[in-house]
Each structure stands twice: as structure tokens, then as C-alpha cells.
Amino acid sequence: MTLRKPNLVPTKRLPDALIIGVKKCGTRALLEFLRLHPDVRAAGSEVHFFDKFYHKGFEWYRNRMPPTLEGQITMEKTPSYWVTRSAPKRVFAMNPAVKLLAVVRDPVTRAISDYTQSASKRPSLPRFEELALMDSPWGSVVDTWPPVRLGIYARPLRRWLRRFPRSRILIISGERLVVDPAAEMTRVQEFLNLKPVITEKHFYFNSTKGFPCLLKSESRSTPHCLGKTKGRNHPYIDPVALERLREFYRPHNERFYELSGINFGWQ
Ligand SMILES: Nc1ncnc2c1ncn2[C@@H]1O[C@H](COP(=O)(O)OS(=O)(=O)O)[C@@H](OP(=O)(O)O)[C@H]1O
């Protein structure tokens with residue numbers, strides 16, 4: 001009888017789990033939190049394989065991954081996979097048993113976050129209200145404007161559910177990831193069949209940043225917050241415009257709650 005030796009040489013492997021979206025909902029925070037786990041190894045930057053670089057092939061993709069030991073999970077996050085029409089089919093072709101994680105957030109706040117990011121690169125950008133709504137006094141919502149369109153979560157979820165069972169997709173609340181990161185990470189670790197290593201001991205609320213930050217080292221004495229591009233100050237938005245957007249999203253949110261089986265309670 002020959003005993004199979006455990007593989008002790010770190011090897012690059014295709015991902016076992018993917019954070020597929022949604023842009024500006026907390027995907028970086030989720031990945032950084034997961035990286036605290038000794039059994040998780042993740043590509044540092046977004047790989048964009050299933051949207052931009054699919055033609056390069058799976059070997060190229062595998063080479064972008066960090067080396068792992070047997071038993072460790074390989075991951076990456078690219079939020080644009082969520083809305084890439086061909087991504088579900090391509091991800092399924094890589095591994096039909098892959099686990100998928102999606103972070104969602106109130107689509108109104110998400111749209112403002114998306115806009116704030118663009119405005120930080122282009123200070124001459126018109127006001128949010130002018131881009132999100134038809135002529136004043138704030139008429140109908142411009143649902144073709146990407147920051148608005150991306151908040152219609154039901155459509156992409158339906159596409160992913162055509163390829164993957166609901167049980168293979170974990171939908172995480174971006175709001176809860178801020179308010180109670182440890183509780184949300186318990187769900188994530190369960191979903192990934194990981195030992196519950198990440199706990200409330202790893203987090204502290206940094207009141208200057210206004211977000212939870214990490215205590216990383218063994219002694220947990222080294223605090224670490226996400227960079228300046230995460231947790232930007234949002235501009236003031238006219239309350240009438242906000243209400244228009246809320247009305248617009250209401251039926252879309254209802255469809256998303258039905259499809260996901262979770263009521264996120266966005267107003
Ligand atoms: N712990 C912690 N620290 C900082 N920021 C946090 C955290 N948890 C969630 N968030 C929220 O993450 C938002 C950015 O989302 P993403 O990382 O998905 O953005 S991106 O799509 O990768 O650009 C970012 O959006 P903005 O607040 O608009 O900057 C944050 O609200």
C-alpha cells in the first residue's frame with residue numbers, strides 16, 4: 001500500500017472562490033478581511049480575467065495567482081465580473097464548483113460612491129444630480145448612466161443563477177460589513193468551509209476613518225485601515241434627487257430581494 005504524501009510545495013492554482021462584485025460595495029474590504037485567514041491566499045490586484053483577459057487562457061490566469069499549499073483557498077476579486085455577460089459561462093467552464101461571493105449595498109449610496117470616485121479623478125464633472133436625473137427640477141432617473149445602472153442588482157444575479165445554484169453564491173451586505181464585520185465574516189468563513197479564525201478581535205472601529213480597520217499581527221498591535229480611496233467623503237445630494245432615486249430603485253430592489261431570498265431593507 002502506498003500512502004499519498006501531502007503536497008508541501010506551494011503551487012499556483014486556479015481560484016476556488018471569486019469575489020465577483022459589486023463595484024463600490026465593499027469588495028476590497030471583504031478581500032482584505034479574508035486575507036487575515038491563514039488558509040486563504042488571494043491575488044493582490046484585480047485580475048480582470050473573465051472580462052478583459054479571457055483570451056490569454058487559463059494558464060495565464062493561474063500564473064497570476066499566489067502559490068498555495070494543499071488545503072489553502074485561492075481567491076481573487078474583480079467587481080466587473082458581476083456585470084460581464086459572458087462571465088458566468090466562463091467561470092463555470094473554469095470550475096463548476098467554484099464559490100462566488102458578491103457584496104451589495106444600498107444602490108443609491110453605491111451610485112454616489114461610484115460618482116465620487118469619478119469626480120475625484122475629474123473635478124470638472126457636473127453635479128451628481130445633473131447626471132443621475134433628467135432636467136430639473138429633477139425629473140426621471142437616467143437609468144443608462146452606469147453609476148445608476150449598476151445598482152439594478154436583479155438582472156446580473158439572474159444571469160449568474162442561470163449557471164450556478166443559489167447555494168453557491170454568498171450575498172454579503174456591504175452595510176453589515178461596516179457595522180458588524182466580524183458577524184459578516186463568520187458567514188463568509190462558514191460558506192468557504194474555513195475554520196472560524198477571523199473574529200471581532202481582528203477589528204476595531206477607527207473614528208477618524210469612520211470605518212472598521214484591522215489588527216493584523218499576532219499580537220494584534222499593528223492597526224491597518226484601507227487606503228484613502230476607500231471611505232471617501234460623499235458630496236451633499238439634494239434630498240429631492242435622493243427620493244427620486246429611491247423611488248426608482250424600489251421595484252428593482254424588491255425583485256432582487258425575491259431572487260436572493262434576502263430583504264436588505266434599503267429604503
Ligand atoms: N473597512 C472599510 N474601510 C473602508 N471602506 C470600506 C470598509 N468597509 C466597506 N467599505 C466601503 O467600500 C467602498 C469601496 O468599495 P469597493 O472596495 O468594492 O470599491 S471598488 O469597486 O473596488 O473600487 C467604500 O466606498 P466609499 O465610502 O464611497 O469610498 C466604503 O464605503
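The values are calculated or read from the model by the stated rules, or taken from the named source; none is laboratory data. These numbers come from a predicted model, not from an experiment. Because the Cβ atoms are built from the backbone with ideal geometry, glycine has one as well, and the counts that use them run over all protein chains shown. Heads up: the accessible areas ignore ligands, DNA and RNA and are worked out on the full protein's heavy atoms, side chains in. Shrake-Rupley method; radii C 1.70, N 1.55, O 1.52, S 1.80 Å.
Computed values, structure above
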read-out: Total charge dipole magnitude, the chain, about the Cα centre, Cβ charges on Lys, Arg, Asp, Glu only, Debye to nearest 20; value: 1040 debye
read-out: Histogram of C-alpha separations across the chain, 10 Å bin width, %; value: 6, 27, 34, 23, 8, 2, 1, 0
read-out: Within-12-Å neighbourhood charge of residue 67 [Cβ basis; K, R +1; D, E -1]; value: +4
read-out: Relative contact order (percent, whole number), the chain, Cα cutoff 8 Å, 6+ residue spacing; value: 20 percent
read-out: Potential extension, residue 168-residue 69 segment - 0.36 nm per residue separation minus Cα distance; value: 33.3 nm
read-out: Interchain or long-range residues, amide H under 5 Å from residue 47's placed H; value: 77
read-out: Rounded to 5, the percent of DSSP beta bridges in the stretch 11-260 classed as antiparallel; value: 40 percent
read-out: The chain: most fluctuating residue of 209, 23, 121 per GNM, C-alpha cutoff 10 Å; value: 121
read-out: Helix-only [θ]222 nm of the chain, DSSP H runs n ≥ 4, -39500 (n - 2.57) each, per residue, nearest 500; value: -10500 deg cm²/dmol
read-out: Accessible area, probe 1.4 Å, largest first, for residues 84, 68, 229; value: 229, 84, 68
read-out: The chain, accessible surface, carbon-and-sulfur percent (1.4 angstrom probe); value: 54 percent
read-out: Amide proton proximity set for residue 12, modelled H, under 5 Å, gap of 5+; value: 68
read-out: Given 56/195; 23/216; 99/121; 201/230; 12/209, the pairs whose alpha carbons are separated by over 32 Å; value: 56/195; 99/121; 12/209
read-out: Probe 1.4 Å, accessible area per residue of the chain, Å²; value: 51 Å²
read-out: Radius 13 Å from Cβ of residue 168, net charge of other residues (Lys, Arg +1; Asp, Glu -1); value: +3
read-out: Where labels lie 7 Å past Cα in the beta-carbon direction, separation of residue 187 and residue 89 in nm; value: 3.1 nm
read-out: Rounded FRET efficiency, nearest 0.05, which uses the C-beta distance separating residue 254 from residue 229 and R0 of 25 Å; value: 0.20
read-out: Dipole axis of the stretch 11-260 (+1 Lys, Arg; -1 Asp, Glu on Cβ), positive-most option in 194, 60, 71; value: 60
read-out: Whole-number percent relative contact order across the stretch 1-143, with pairs defined as alpha carbons under 8 Å at least 6 apart; value: 32 percent
